[in-house]
1. Of all residues in the stretch 29-46, count the ones that are in a loop (DSSP other than H, G, I, E, B), within 10 Å of the ligand (Cβ to nearest atom) and not polar (S, T, N, Q).
2. Condition (residue is within 21 Å of Asn109 (Cα to Cα), of a type in the set (Asp, Glu) and at pLDDT 95 or above) applied to the stretch 44-56: is it met by at least one residue?
3. For the stretch 83-104, which residues satisfy the criterion of being more than 11 Å from His37 (Cα to Cα) and either more than 10 Å from the ligand (Cβ to nearest atom) or modelled with pLDDT under 95 (or both)?
4. With respect to Val18, is the statement that it is among the β-branched types (Val, Ile, Thr) and in contact with a Pro (Cβ under 6 Å, 6 or more places away or on another chain) true?
5. Confirm whether Phe107 is within 16 Å of the ligand (Cβ to nearest atom), more than 15 Å from the chain's Cα centre (by Cα), within 28 Å of Met1 (Cα to Cα) and surrounded by fewer than 18 Cβ atoms within 10 Å (Cβ to Cβ).
6. Just give me the residues in the stretch 15-28 being within 8 Å of the ligand (Cβ to nearest atom) and more than 16 Å from Ala70 (Cα to Cα), in sequence order.
7. Is it the case that some residue within the stretch 65-72 is more than 16 Å from Phe27 (Cα to Cα) and in contact (Cβ under 8 Å) with a residue 24 or more places away in the chain?
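The values are calculated or read from the model by the stated rules, or taken from the named source; none is laboratory data. Here the structure is a predicted model, which is why all the values come from computation and not from measurement. As a convention, Cβ positions derive from the backbone with ideal geometry for all residues, glycine included, and neighbour counts pool all protein chains shown.
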Amino acid sequence: MASVFSKIITGEIPCYKVAETEDYLAFLDINPNAKGHTLCIPKKEVDKLFDLDESSFHGLLEFSRKVAIALEKAVPCKRVGLTVIGLEVPHAHVHLIPLNTMEDARFVNKSKLEKGEFQTIANAIASHL
Ligand code: AMP
């Protein structure tokens, strides 16, 4: 069965898109730790990040780096953190999280954003790419 993220890639499920290439997609996490929390995924559906072939793995990190640099310009924060978990969605992904405190790195205190805010942030990050 296709993962939620594969359904986002095909457009079956909507997302707040930040960036897209032939092989990778970045979109806002729907339940963010902090404003601007972004997910970067390979379009190829592979469950675990470290099971990606070497070229896809490096490609995803390069893509994530570009998105992180744009994210830091768009969302005021001390730095952008990169986390890999994958316990909820079995489709390899990297979390990019604007960090101001250690709390932002914990997946416990979530930020509630309105639809309009998600779109504004996605557009702001995209404008720095
Ligand atoms: P994990 O697999 O533990 O790294 O967590 C998966 C992440 O994907 C969580 O932070 C969810 O909030 C996020 N997520 C799940 N479904 C969606 C969706 N449809 N759109 C955006 N983010 C999602």
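1. 4
2. No; the residues of the stretch 44-56 include none that is within 21 Å of Asn109 (Cα to Cα), of a type in the set (Asp, Glu) and at pLDDT 95 or above.
3. Asn100, Thr101, Met102, Glu103
4. no
5. Numbers: within 16 Å of the ligand (Cβ to nearest atom): yes; more than 15 Å from the chain's Cα centre (by Cα): no; within 28 Å of Met1 (Cα to Cα): yes; surrounded by fewer than 18 Cβ atoms within 10 Å (Cβ to Cβ): yes.
It is false that Phe107 is within 16 Å of the ligand (Cβ to nearest atom), more than 15 Å from the chain's Cα centre (by Cα), within 28 Å of Met1 (Cα to Cα) and surrounded by fewer than 18 Cβ atoms within 10 Å (Cβ to Cβ).
6. Hit for the stretch 15-28 is Cys15, nothing else.
7. So far as the stretch 65-72 goes, no, none of its residues is more than 16 Å from Phe27 (Cα to Cα) and in contact (Cβ under 8 Å) with a residue 24 or more places away in the chain.
Every residue, every condition in (1) touching a residue at least 24 places away in the same chain (Cβ under 8 Å); (2) in contact with a Phe, Trp or Tyr (Cβ under 7 Å, 6 or more places away or on another chain); (3) surrounded by fewer than 16 Cβ atoms within 10 Å (Cβ to Cβ); (4) hydroxyl-bearing (Ser, Thr, Tyr), yes or no:
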{"residue": "Ala2", "(1), (2), (3), (4)": "yes, no, yes, no"}
{"residue": "Val18", "(1), (2), (3), (4)": "yes, yes, no, no"}
{"residue": "Asn31", "(1), (2), (3), (4)": "yes, no, yes, no"}
{"residue": "Lys35", "(1), (2), (3), (4)": "yes, no, no, no"}
{"residue": "Asp47", "(1), (2), (3), (4)": "yes, no, yes, no"}
{"residue": "Glu54", "(1), (2), (3), (4)": "no, no, yes, no"}
{"residue": "His58", "(1), (2), (3), (4)": "no, no, yes, no"}
